[in-house]
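What follows is one structure encoded as structure tokens, with my remarks underneath.
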Amino acid sequence: MWFLYIARCIDDTLYTGITTDVQRREFEHNTDNKRGAKSVRNKRPIKIVYTETYMTQAEAGIREADIKGWKRKYKLELIK
């Protein structure tokens, strides 16, 4: 299973990504682990606030690319 996720950073920005393990990914983002995204390193801690489940990495990646193109207000609506 693959998961699309949206994380809220300490500065209230939103980060969208995909993973096979949501809890592990949140941990990676919140520590000095090299696997955490560089773009959120100065915005810790982050909290994953939304997830969707997909059968394949390709499906999750397509959805990730779609959501990354959205304006913030639409992402906030999705999270609600």
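A few comments on the model shown:
- Selection of first residues in the range 23-43 that are without any contact (Cβ under 8 Å) to a residue 24 or more places away in the chain and of second residues that are surrounded by 12 or more Cβ atoms within 10 Å (Cβ to Cβ) and among the small types (Gly, Ala, Ser), restricted to Cβ pairs under 6 Å at least 6 apart or on distinct chains, gives the following pairs, ordered by first then second residue: 28/36; 29/36.
- Just one of (1) surrounded by 13 or more Cβ atoms within 10 Å (Cβ to Cβ); (2) out of contact with any Ser or Thr (no Cβ under 8 Å at 6 or more places or on another chain) fails for residue 71. It is (1).
- In the range 5-25, the residues that are of a type in the set (Asp, Glu) and either open to solvent by less than 40 Å² (accessible area, probe 1.4 Å) or within 18 Å of residue 54 (Cβ to Cβ) (or both): 21
- Members of the range 1-43 found to be over 20 Å from residue 70 (Cα atoms) and among the small types (Gly, Ala, Ser), listed by number: 36
- Hits in the range 39-80 (condition: over 15 Å from residue 13 (Cβ atoms) and among the hydrophobic types (A, V, I, L, M, F, W, C)): 55, 58, 60, 62, 65, 78
The values are calculated or read from the model by the stated rules, or taken from the named source; none is laboratory data. Remember, it's a predicted structure, so these values are computed and weren't measured experimentally. Here Cβ is always computed from backbone atoms with ideal geometry, including for glycine, and neighbour counts include all displayed protein chains. Keep in mind that these areas ignore ligands, DNA and RNA; they rest on the heavy atoms of the full protein, side chains included. Shrake-Rupley method; radii C 1.70, N 1.55, O 1.52, S 1.80 Å.
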